[in-house]
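The values are calculated or read from the model by the stated rules, or taken from the named source; none is laboratory data. Bear in mind that the values here come from a model prediction, so they are computed numbers and not experimental data. Here the Cβ is made from the backbone with ideal geometry for all residues, glycine too, and neighbour counts use every protein chain on show.
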Amino acid sequence: MSELKRRVAKIERMTNETKISVELDLDGEGKAEVNTGVPFMDHMLDLFIKHGLFDGKILAHGDTHIDDHHTTEDIGIVLGQVIREALGDKKGIKRYGNAFVPMDDALAQVVIDCSNRPHLEYRVTPTLTEKVGTFDTELVHEFLWKFALEARMNVHVLVPYGHNTHHIIEAIFKALARSIDDAVQIDPRVKGVPSTKGLLT
């Protein structure tokens, strides 16, 4: 991206429940700094940044003495907003992204469209255990839904099989990162925005 302006954004969100700061460079190298107060999300977001080849800093402080819900949800909100802002008018991007990621026993596919029409399809066939460590696994859906809404992306998450809940969720986050990286790449054949409507914002 040396000949093009780097696509970077930073957003902070403060409520009575959480304080979130997210900075992301879509054209990075996979450098991550993550500290959210939710250890499992630290792990997932660290690998999200590294496997998407972004550069990012995600910092959060929330009411985790209650549970991890508000912090996880609000990170999804702000991360989605940051990616949307960094993409700008979306001129020249591929728009669609698709990634398959195996993680030992699990296989995840994530397909996205930077369409400005937010939607989440969450088709995870295996039954997840209720917790991974202290993390409530139902929050994965909450995170993804809020992310899709704020990024204004169409996100399809498909997991046909898997046994280990940690592996399943890790495969989802890696596939999400790789599918976004795929979709936001600049294609020199694309003139303007890849839409017959003439806009994706």
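Inclusion of G192 among residues that are buried (at least 16 other Cβ atoms within 10 Å of the Cβ) and of a type in the set (G, A, S) is not warranted. Tell me which residues, restricted to the range 47-61, are under 17 Å from I180 (Cα atoms) and either surrounded by 18 or more Cβ atoms within 10 Å (Cβ to Cβ) or among the hydroxyl-bearing types (S, T, Y) (or both). Matches in the range 47-61: F48, I49, K50, H51, G52, F54, D55, G56. Given the structure, is V34 touching a residue at least 24 places away in the same chain (Cβ under 8 Å), within 17 Å of E170 (Cβ to Cβ), surrounded by 13 or more Cβ atoms within 10 Å (Cβ to Cβ) and of a type in the set (A, V, I, L, M, F, W, C)? Answer is yes for this residue.
The one condition from (1) at pLDDT 95 or above; (2) not in a strand (DSSP E or B); (3) not β-branched (V, I, T) that R123 does not meet is (2).
Filtering the range 66-122 to residues that are buried (at least 16 other Cβ atoms within 10 Å of the Cβ), among the polar types (S, T, N, Q) and under 26 Å from G162 (Cβ atoms) leaves T71, T72, Q109. Looking across the range 126-137, the residues that are out of contact with any Leu (no Cβ under 8 Å at 6 or more places or on another chain), part of a loop (DSSP other than H, G, I, E, B) and surrounded by 13 or more Cβ atoms within 10 Å (Cβ to Cβ) come down to P126, L128.
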